[in-house]
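Structure first, commentary second.
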Amino acid sequence: MVHQDEQHTIVDGRLLQAVVENMKLPLLQVARQAELARMSGSTDTNFSSIELTADTALRLLDNYLLSTRLASRRGSLEFEPVSVSAVLTDIAHQLSKLADQQQCELQVNISGRYEPVIAHRAGLEAALMSLGYVFIEARSAQPVTSGKRIIRLGAHRGRSGIVAGIFTDSDSISNDMYKRAHSLYGHTRQSLPGLVAGSGAGVFVADSLLETMSTRLRVAHHQKFSGLAATLNPSKQLSLV
Amino acid sequence: MAHILLVEPDISLGKLYTSSLELSGYSVSHCRTAQDAITSADENIPDLVLLEIEIAIHNGIEFLYEFRSYPEWQDIPLLIVSHVVPSRGALNPKSWGLLKISGYHYKPITKLQDLLSSVERVLSSDGVKAL
């Protein structure tokens, strides 16, 4: 019976991957159609918005597929020394248009000069990117405090490694809520109702990606901001500082 | 005017890429299959090929090997624009030099503007310009 359940899960997983792969094409068509309209001189600002929304959805699907690919290759993944500050800066750049659209201010805050961490670069980038989407969506729906809605991409040294994640100036996530979200996920439409109106799928995609690197998301604090972060192992091999 | 052979199985994306390239002053032949692409290249030698390797009937890699097997097409610059993740499958970065691939664009993260910049870069390094 257990064996049959496992078989169903594998088949369902493959079917979902095929469906997701198929969903990428119409999103790509929409995104590039909107970009072409913009390039052709259309002044309709809706095209920029459509392009951004479709590109964001496309990246989320792509990040999900990456998590399934990495999970299937766990044990033979190619880890490399990765600079957390470079990754966070790059992600901030990629998230900046969405943050502007959602009236959030993005900040990158690295509390010190850290040695590279051992990670799968594309996986780490995709995880933090997916998390960023959720936090921007969540924060934009919350009231403004001190004149701004701030999303902070931050890293600091923790007891067992470099803690890197996404944090906000609103106190919207707690350990209890995150634990509950994990048990609700897959059983309810809103796993993180205190954070986002939707499913918050980006959080679970990020967690799956990080799990392939033997780490998990957890609730963390960074300079009075709260958020979700992962602890990453520093690379001793390339310690430059 | 530089002539581009676009091998793209999806009709909507093909039209989108064609329109954006034409807007930038290139002439484009859009083919949806490998056989059509070979016929098109025979009729009008392209200055650049844009290739999706996930095409129907023939595999895009097969097309690529066949295309490169003809001496007159061996030096035509070629950019891959694909849904396939670059490091996966037979077309890993190590084989790019062998097949004279000038660049690889992974579609989900490639904007039209990025593609046009690559086209311009490859053609200008080859001494060909848009009109």
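Among residues other than A:S83 with Cβ under 11 Å from its Cβ, the summed charge is -1 (Lys and Arg +1, Asp and Glu -1).
Quick one: of B:K15/B:K107; A:K97/A:K179; A:K97/A:K148; A:K97/B:K15; A:K148/B:K111; A:K24/B:K15, which pairs are farther than 20 Å apart, Cα to Cα?
Long pairs (Cα-Cα over 20 Å): A:K97/A:K179; A:K97/B:K15; A:K148/B:K111.
With a Förster radius of 41 Å, plug the Cβ-Cβ distance of A:S214 and B:A56 into 1/(1 + (r/R0)^6) and report the FRET value to the nearest 0.05. Between A:S214 and B:A56 the formula returns 0.55. Note on chain A: with a GNM built from Cα contacts shorter than 10 Å, the maximum mean-square fluctuation among A:P193, A:P116, A:P26 falls on A:P26.
Across region A:181-195, computed HN-Hα scalar couplings (Karplus, 6.51 cos²θ - 1.76 cosθ + 1.60, θ = phi - 60°) run 4, 5, 7, 7, 4, x, 10, 9, 6, 10, 7, 10, x, x, 10 Hz from first to last residue, x flagging Gly and Pro.
Inter-chain Cβ neighbour count for B:10-23, averaged per residue, equals 3 (cutoff 10 Å, partner chain atoms only). Working from label points 7 Å from Cα in the Cα-to-Cβ sense, the A:N233 to B:D42 distance is 5.8 nm. For the peptide A:33-39, the mean number of other protein chain Cβ atoms found within 10 angstrom of a residue's Cβ is 4. Helical content alone sets the calculated 222 nm signal of chain B at -11000 deg cm²/dmol, taking -39,500 (n - 2.57) per DSSP H segment of four or more residues and averaging over every residue. Within the shell of other residues whose beta carbon sits under 9 angstrom from the beta carbon of A:E35, the net charge comes to +1, with Lys and Arg scored +1 and Asp and Glu -1. Fewest neighbouring Cβ atoms within 10 Å first, the residues B:C31, A:C104 line up as B:C31, A:C104.
For A:T45 and A:R121, a Förster radius of 35 Å and the Cβ-Cβ distance give a FRET efficiency of 0.50, rounded to the nearest 0.05. Taking only Cα atoms and a 10 Å spring cutoff, compute GNM fluctuations for chain A and point out the largest among A:S183, A:S83, A:S226. Fluctuation is largest for A:S183.
Estimated from helical segments only, the mean residue ellipticity of chain A at 222 nm is -18000 deg cm²/dmol, where each DSSP H run of four or more residues counts as -39500 (n - 2.57).
Of A:G13, A:G161, A:G194, the residue with the greatest mean-square motion in the GNM of chain A, using alpha carbon springs below 10 Å, is A:G13. Residues whose amide H comes within less than 5 Å of that of A:Q107, counting only those at least five positions distant or on another chain, are A:I151, A:R152, A:L153 (H built at 1.01 Å from N in the peptide plane). Applying 1/(1 + (r/R0)^6) with R0 = 22 Å to the Cβ-Cβ distance of B:V85 and A:A18 gives a FRET efficiency near 0.90.
For peptide A:52-59, compute the average count of partner chain beta-carbon atoms within 10 Å of each residue's beta-carbon.
Partner-chain Cβ atoms within 10 Å, mean over residues of A:52-59: 1.
Answer rounded, prolate or oblate for chain A, using the Cα gyration tensor with square roots of eigenvalues a ≥ b ≥ c: rounded when a/c is under 1.5, else prolate when a/b is larger than b/c, else oblate. Judged from the Cα gyration tensor, chain A comes out rounded (a/c under 1.5).
If each residue's Cβ is checked for other Cβ atoms within 10 Å, how do A:V205, A:V30 rank with the fewest at the top?
Fewest-to-most Cβ neighbours within 10 Å comes out as A:V30, A:V205.
Tell me, what is the percent relative contact order of region A:80-232, built from C-alpha pairs under 8 Å that lie six or more residues apart?
Computed value for region A:80-232: 26 percent relative contact order.
For A:K236, the lysines whose Cα comes closer than 30 Å to its Cα, not counting residues fewer than 8 places off in the same chain, are A:K224, B:K94.
Can you give the Kirkwood hydrodynamic radius for chain B, in Å, rounded to one decimal and based on Cα pairs?
Every distinct Cα pair counted, the radius reaches 14.5 Å.
In this structure, the amide hydrogen of A:A220, modeled 1.01 Å from its nitrogen in the peptide plane, lies closer than 5 angstrom to those of A:G227, A:L228, A:A229, counting only residues at least 5 positions away or on a different chain. Across region B:104-114, computed HN-Hα scalar couplings (Karplus, 6.51 cos²θ - 1.76 cosθ + 1.60, θ = phi - 60°) run 9, 10, 7, 3, x, 10, 9, 7, 4, 4, 5 Hz from first to last residue, x flagging Gly and Pro. In order along region A:205-216, the Karplus-derived 3J(HN,Hα) couplings, from 6.51 cos²θ - 1.76 cosθ + 1.60 at θ = phi - 60°, round to 5, 4, 5, 5, 4, 5, 4, 5, 9, 6, 9, 9 Hz, and Gly and Pro are given as x.
Just so you know, all these numbers are worked out from the coordinates, no wet-lab data involved. In this text, all values refer to a predicted model and were calculated from it rather than measured experimentally. Here the Cβ is made from the backbone with ideal geometry for all residues, glycine too, and neighbour counts use every protein chain on show.
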